[in-house]
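A quick write-up on the structure given underneath.
What follows draws every value from the coordinates through simple rules; no lab data is involved. Every value quoted in this text rests on a predicted model; they were computed, and no experiment measured them. For neighbour counting, all protein chains shown are included, and Cβ atoms are generated from backbone atoms with ideal geometry for every residue, glycine included.
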Amino acid sequence: MKVVIKYELDKDLNLHVIPDEKFKTVYISYCFHMDLDENYTYNALVPAVLKRGCEGYERQEEINKHLEGKYGSLFDVGVQKRGERQILRFTMDLVNEIYVGMDGLIAQSLYFLNRIISKPVTEGSIFKKDYVNQEKENLKHKIQAMVNDKLEYSMERCIQEMCKDEKYARYVFGSIKELDSLDQNKLYDIYRNMIAACPLDIFVAGDVDPEKISILVKNSMEIERTHRKIIPETIIKKIGVKQRELIEDMDISQAKLNIGLRTNTSVNDKGYFPLVLYTSILGGGPHSKLFMNVREKHSLAYYAFAKMDKYKGILILGSGLDTNNYRQALDIIMQQCKDISMGKITEAEFTASINAIMTSVRGINDDPEGLVDYYLGNVVTGAKYSLEDFIEEIQKVKPENVVEVSKHIKTDLIYLLKPEEAVI
């Protein structure tokens, strides 16, 4: 069984060590929790600016040289949306020192990460302006580039419209409008508040001694915690959902249909594991109802899938199709949902879905980054399930449990992104 050892280091500052002898590398991730509030664009920009340099390594060339001298250690930053919060991550992936005979490699990596986070390059009392301006442009290009991936764009538009009165509608990388009017003093203030007060979870996965790691992390910490910031819980359940339809035009060749569903089920509800199975049966792969009926049997879509966001309790059904197949495809997709709620689940669908889920979950054990993502998810949701617990709970689910959880699922938005000249 995978063991995760937790150490409480300070106010909302926790260390999670995942020891595993089979890993030849050590994966380290500092994860700051931020509210997906009106400052979400500033939040997204902070890690990009910090990545540019710190005291002792003020230019990218100096950082690269340092990493090369540490057996090609990899350093990166990122921002993720987990429900109605943003996770700002600072990570290192390095060869385990026991395999290269270099004592102190893990300690040096921890000191480096802490210096990046706590000792940024500044001008007066703000970040270096050149770094901010350059990263503003990079982030702007990343936001604009979303439209180039029509599948991602259509899903994002579906979520934005479906949740337009909720924080969840905000794009993880921010808003171009906010970037254009960015206040550099405010950006630095948000950064200072992040390191002083925002919940911080540090993960270390690899063939390591947990007690030694806890000492190294404590000794390397240069982050001064002054108070505690409470991150509001994500709102999952929504009553009075009324089905809506939205059709938008774009210069594309293939229409994108996305259907947003409210599951009204959280990770800690008894219906969660039946919901995981529901998602797989409906659209989790080649065995699923959407794939077999919409794509294979009726040849109405180029792809068809179901994707659940457990953090927000939302399920997105996606398909790519010719516009003239829209109504027929929509009817068949909705019929698949209805069939599950009526108990029309074959033994083959049920068994294949369980096997697909277990294979996916077991695969996480072989990926340090995947392990950190999974257990970070537990931190965000308050869940206590290990990977082994997850598999055990999935195996307990019965078809009638899937039928029961389906009754709580409500269709919210039917969103179609179609070619401009196409007529429905």
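Could you please report the charge total around GLY72, scoring K, R as +1 and D, E as -1 over all other residues with beta-carbon less than 15 angstrom from its beta-carbon? Neighbour charge sum, excluding GLY72 itself: -1.
A compact globular protein would have a Cα radius of gyration near 2.2 N^0.38 Å; the ratio found for the stretch 213-277 is 2.05.
Considering only DSSP beta bridges with both partners in the stretch 244-419, what is the antiparallel share in %, to the nearest 5?
The antiparallel proportion sits near 75 percent.
I'd like the antiparallel share, as a percent to the nearest 5, of DSSP beta bridges with both residues in the chain. DSSP beta bridges in the chain are roughly 80 percent antiparallel. Relative to the longest principal axis of the Cα atoms of the chain, helix 326-341 runs at roughly 80 degrees. Straight-line cross-link reach from LYS70 at under 19 Å between alpha-carbon atoms covers these lysines, not counting any fewer than eight positions away in the same chain: LYS24, LYS51. Taking the C-alpha atoms only, the angle from helix 368-381 to the longest principal axis of the chain is near 80 degrees.
Cβ-to-Cβ counts within 10 Å put ILE340, ILE259, ILE239 in ascending order as ILE239, ILE340, ILE259, the fewest first. Rounded to two decimals, the Cα-based Rg/Rh of the stretch 19-82, with Kirkwood Rh, is 1.05.
One decimal place: the segment ASP207-GLU166 gains 10.6 nm when fully extended, by the rule 0.36 nm per residue minus the C-alpha distance. Apply 1/(1 + (r/R0)^6) to the Cβ-Cβ distance of LYS22 and VAL423, taking R0 = 56 Å, and write down the FRET efficiency to the nearest 0.05. Efficiency computed from Cβ-Cβ geometry: 0.45.
Listed by chain and number, the aspartates and glutamates placed with their C-alpha closer than 14 angstrom to that of LYS398 are GLU347, GLU349; residues fewer than eight positions away on the same chain are left out.
The stretch 285-321 and the stretch 205-272 have Cα centres spaced 22 Å apart.
Relative to the dominant Cα principal axis of the chain, helix 347-364 is inclined by about 10°.
For the residue pairs LYS6/LYS119; LYS164/LYS238; LYS289/LYS418; LYS164/LYS242, alpha carbon separations beyond 21 Å are given by LYS6/LYS119; LYS289/LYS418. The helix-only estimate of mean residue ellipticity at 222 nm for the chain, built from DSSP H runs of length n ≥ 4 each weighted as -39500 (n - 2.57), is -13000 deg cm²/dmol after division by the residue total. Ordered by the number of other Cβ atoms lying within 10 Å of each residue's own Cβ, fewest first, ASP251, ASP149 fall into the sequence ASP251, ASP149.
Within a straight-line Cα-Cα reach of under 19 Å, LYS229 can be paired with the following aspartates and glutamates, leaving aside sequence neighbours fewer than 8 residues apart in one chain: GLU8, ASP10, ASP12, ASP35, ASP37, GLU38, GLU84, ASP189, ASP201.
When the Cα atoms of the stretch 244-419 are aligned to their principal axes, the ranges along those axes come out at 46, 33, 28 Å in descending order. Highest mobility in the GNM of the chain, judged by mean-square fluctuation with C-alpha springs under 10 Å and restricted to ASP76, ASP249, ASP207, is found for ASP249. Fraction of C-alpha pairs exceeding 41 angstrom in the chain: 22 percent, rounded to a whole number. The trypsin sites (Lys or Arg not before Pro) found in the stretch 64-95 include none that occupy coil by DSSP while having at most 12 further C-beta atoms within 10 Å.
The value of relative contact order for the stretch 244-419, using C-alpha pairs under 8 Å at least six residues apart, is 43 percent. Among the GluC sites (Glu not before Pro) found in the stretch 1-108, those both in a DSSP coil and sparsely packed, with 13 or fewer other Cβ atoms within 10 Å of their Cβ, are GLU21, GLU38, GLU55. Estimated from the Cβ-Cβ distance and a Förster radius of 41 angstrom, the FRET efficiency linking GLU222 and ASP367 is about 0.85.
Summing +1 for each Lys or Arg and -1 for each Asp or Glu, what net charge is found among the other residues whose Cβ lies under 13 Å from the Cβ of HIS227?
Combined, the nearby Lys, Arg, Asp and Glu give +2.
This ranking places TYR99, TYR131 by how few other beta-carbon atoms lie within 10 Å of each, fewest first, which gives TYR99, TYR131. Counting every C-alpha pair in the stretch 5-220, the share spaced more than 24 angstrom apart comes to 47%. Taking a virtual spin label 7 Å from the Cα of VAL147 along the C-beta vector, which residues in the stretch 170-204 bring their backbone nitrogen under 15 Å of it? Counting only backbone N, you get 175-177.
Among the trypsin sites (Lys or Arg not before Pro) found in the stretch 243-349, those both in a DSSP coil and sparsely packed, with 14 or fewer other Cβ atoms within 10 Å of their Cβ, are LYS270, LYS344.
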